[in-house]
1. How many residues does segment 462-486 contain that are over 21 Å from the mean Cα position of the chain (by Cα), farther than 26 Å from residue 338 by Cβ and at pLDDT 95 or above?
2. Just to check your reading of the model, which residue among 177, 164 is under 24 Å from the mean Cα position of the chain (by Cα) and modelled with pLDDT under 80?
3. Regarding residue 444, is this residue open to solvent by 20 Å² or more (accessible area, probe 1.4 Å), closer than 22 Å to residue 295 by Cβ, under 24 Å from the mean Cα position of the chain (by Cα) and of a type in the set (Ser, Thr, Tyr)?
4. What's the number of the condition residue 248 fails, among (1) modelled with pLDDT under 90; (2) crowded, with 19+ Cβ neighbours inside 10 Å; (3) farther than 30 Å from residue 479 by Cα?
5. Quick check on my filter: what residues within segment 143-176 are open to solvent by 30 Å² or more (accessible area, probe 1.4 Å) and in a loop (DSSP other than H, G, I, E, B)?
6. Is there any pair with a first residue in segment 435-457 that is more than 30 Å from residue 230 (Cβ to Cβ) and of a type in the set (D, E, K, R) and a second that is open to solvent by less than 70 Å² (accessible area, probe 1.4 Å) and in a loop (DSSP other than H, G, I, E, B) whose Cβ atoms are under 9 Å apart and which are 6 or more apart or on different chains, and what are they?
7. So is residue 197 at pLDDT below 85 and under 23 Å from residue 107 (Cα atoms) or not?
8. Going by what's in this entry, would residue 337 be described as in contact with a Leu (Cβ under 6 Å, 6 or more places away or on another chain) and either at pLDDT 95 or above or small (Gly, Ala, Ser) (or both)?
Amino acid sequence: MPIRGLWIFSHRLGSRGEVKFSRRYPTVEKRAKAFNRSSYVNIPEDVDLLRSLLHELGLTDRNKNFVEYRDDCARISKTDVYSLMVSEGNLWPVLAIQNGDFIYVCLPLVEQLLSPAPPLISINSISEAFSLLSGIMLYVNSGHNTEADISSRFTQLPFLVTQACPLGSPVDTNLLALPDNLNSTSENQCYKSPAWKASKQKGKAQIEVYITEKVNSTQYDKRDDSDMWQVYGTVSCKCNLETISPNVIVGLNLPANGSPLQDILVHPCVTSIDSSMLISSSVAATDDSAFNGPYKFPFIPPFDLFQLCYYTSQVPVPPILGFYQLTEDGRQIHISIKLKLHESIKNGFDYCEAQIPFFNKGQIKHSDCKVSHGQLELSKEKSLLVWVIGQKFPKSLEILLAGTVTFLAEEHPNDPVDPICVGSTAYVKLSFRIPDYSLTGCYSDQHSVQVFSTAKPKIITSRELISADYYIWNSKAPAPVVCRSFFD
């Protein structure tokens, strides 16, 4: 979604402020007039905009600290979006973020009437404006923050913004990934670059698409406490194409029994998208919002690796179901763990291990535990058992650990403590990675990628499933509850 204008103001205590950077987009301004109609407010001159902004932020009027409309208790500011009083009316929504001695300002385009003011959640350009300002702040604050260094970055900023936000439409918010020297193109080049993209990528034509899914799970093995699990996916892309401003479409596919993708967030470089994809939400009261595809993302690729989209999904089963029981007997505890790999999950790991920590108990004196598969190791701190499961589960898909652990009577100052894991409250944390697999079934292949140019790039795709926060709590003791079921 486009923006109407972009500014950076400097302001220090005791100063009036100064315009460090200003960029307006007349073509977007014409669209604003058409969309906003009678509620349209023209953007004032930079100095007038700065004066209104400083007044709104309470950085002026030293002799008048309290301004009723701005400082009254009835008004609670929860965001960095402001309405500025200018000569023609109220300019809204103005996104302004203070960082150090600078104020970063962006005015997104709102494609509807501004009166009454629509809810911020319905304005798509707000999130893109946040992302663009974040990228600019990261660039300005990169490296040494000497005056000469910052001045040099401000000199380069107009060229980078031209590439990152051509004609007012953000396509790449990572300014640090853009080429440093924008004037290094050869004079003998036979093509003419567009004004907003002054450089050309070189090398072998290639498109890489990586799907990474992370699974969270909290398991209790209790009737009253519901087990929880969810998948969080990221699709990363890197396009090395010699064509100027290539149009690329990356598609994501699901098998017939795949879990629909929900809560989809896309990179600003995506030029259009099916609205049904965006409204598919995991917090919907019913499953009516589920969108089963096709998932297609047309975009003009940034220069470097970027995250094309994020998503979540509610899969029917966790990949590994666990049962953990721990009981105390003085300085000795008895533990029993059973892990079962679901039959639908690929039985091929890069690594798989279970960490069994012991808090508030001191150091382990002796461990007498047996495992049906893999091997058991004791950490150097003698407070953690590591069950190295390996790269495969056995044919039964079930593995067991059982035994006793004895602790030293004396305490040490470096013994691990935890305010939650007291008494018999304890957990097992699983860590694993399954290559060439996704829990939702989501995949992308060479037939899912289209490039509208003369280039015939090599298509590289991959996917992986990684555990994130994967906990199995002791079913014989209280545990932090995510969701509790109620039965009559």
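The values are calculated or read from the model by the stated rules, or taken from the named source; none is laboratory data. None of the values given here were measured: they were computed from a predicted structure. Cβ: placed from backbone, ideal geometry, glycine included. Neighbour counts: every protein chain shown. We work out accessible area using only protein heavy atoms, side chains counted, and drop any ligands, DNA or RNA first. Shrake-Rupley method; radii C 1.70, N 1.55, O 1.52, S 1.80 Å.
1. Number satisfying all stated conditions: 0.
2. On the way: 164 fails: modelled with pLDDT under 80.
Just one listed residue meets the conditions, 177.
3. Values: open to solvent by 20 Å² or more (accessible area, probe 1.4 Å): no; closer than 22 Å to residue 295 by Cβ: yes; under 24 Å from the mean Cα position of the chain (by Cα): yes; of a type in the set (Ser, Thr, Tyr): yes.
Considered against the rule, which asks whether it is open to solvent by 20 Å² or more (accessible area, probe 1.4 Å), closer than 22 Å to residue 295 by Cβ, under 24 Å from the mean Cα position of the chain (by Cα) and of a type in the set (Ser, Thr, Tyr), residue 444 comes out as no.
4. That leaves (1) as the condition not met.
5. Answer for segment 143-176, where residues must be open to solvent by 30 Å² or more (accessible area, probe 1.4 Å) and in a loop (DSSP other than H, G, I, E, B): 143, 144, 145, 146, 169, 174.
6. 456/205
7. Yes: the conditions hold for residue 197.
8. Working: in contact with a Leu (Cβ under 6 Å, 6 or more places away or on another chain): yes; either at pLDDT 95 or above or small (Gly, Ala, Ser) (or both): yes.
Against the criterion (in contact with a Leu (Cβ under 6 Å, 6 or more places away or on another chain) and either at pLDDT 95 or above or small (Gly, Ala, Ser) (or both)), residue 337 qualifies.
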